[in-house]
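Shown next, in structure tokens, is the structure this report addresses.
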Amino acid sequence: MLTVTYTDKEENKMVAAAFTQTLVFKGTSNGRVIHMPLKVSDVVDEFATAPDGQGFIQLPSDQNYSLADIIVVVGGTDTTAQDIFVNGLASGLRMDNKSNLNTSNFRQFATAPVAFKAGSNLRLKQSV
């Protein structure tokens, strides 16, 4: 009996599946709500892209804002999370893509919002 074993050289190939997500910010003083759609390339160490093509979000300087929700549509295949940077520094906050899918009833920041100072510059770096 002859047994043939082979390794599919494509099995370790990463196939990025870009997706979209919406960040929902709520003003801590007057409750102003801002929806920020982002494009996510699903490539490790790349930053999510804002509608203006920039890799960052500049919050308005009129008041502090809380990140009240992140809604991920579908999610990627190569990345599983995003690290949140504030004013160029790692914040220690990690957003889990799967926990924030649009089909989830209990998304990460909807149940525990995080506040940012007025005018903060935010970046979301993709990771595994």
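The values are calculated or read from the model by the stated rules, or taken from the named source; none is laboratory data. Since the structure is predicted, the reported quantities are computational estimates derived from the model, not experimental observations. Glycine gets a Cβ as well: all are built from the backbone with ideal geometry, and neighbour counts include every protein chain shown.
Here's a check for you: in the range 81-128, which residue that is surrounded by fewer than 18 Cβ atoms within 10 Å (Cβ to Cβ) and among the β-branched types (V, I, T) is modelled with the lowest pLDDT?
T111
In the range 34-62, how many are within 21 Å of P113 (Cα to Cα), in contact (Cβ under 8 Å) with a residue 24 or more places away in the chain and surrounded by fewer than 16 Cβ atoms within 10 Å (Cβ to Cβ)?
5
Out of (1) among the polar types (S, T, N, Q); (2) in contact (Cβ under 8 Å) with a residue 40 or more places away in the chain; (3) over 19 Å from H35 (Cα atoms), what's the single condition that is false for N121?
Status for N121: all satisfied but (3).
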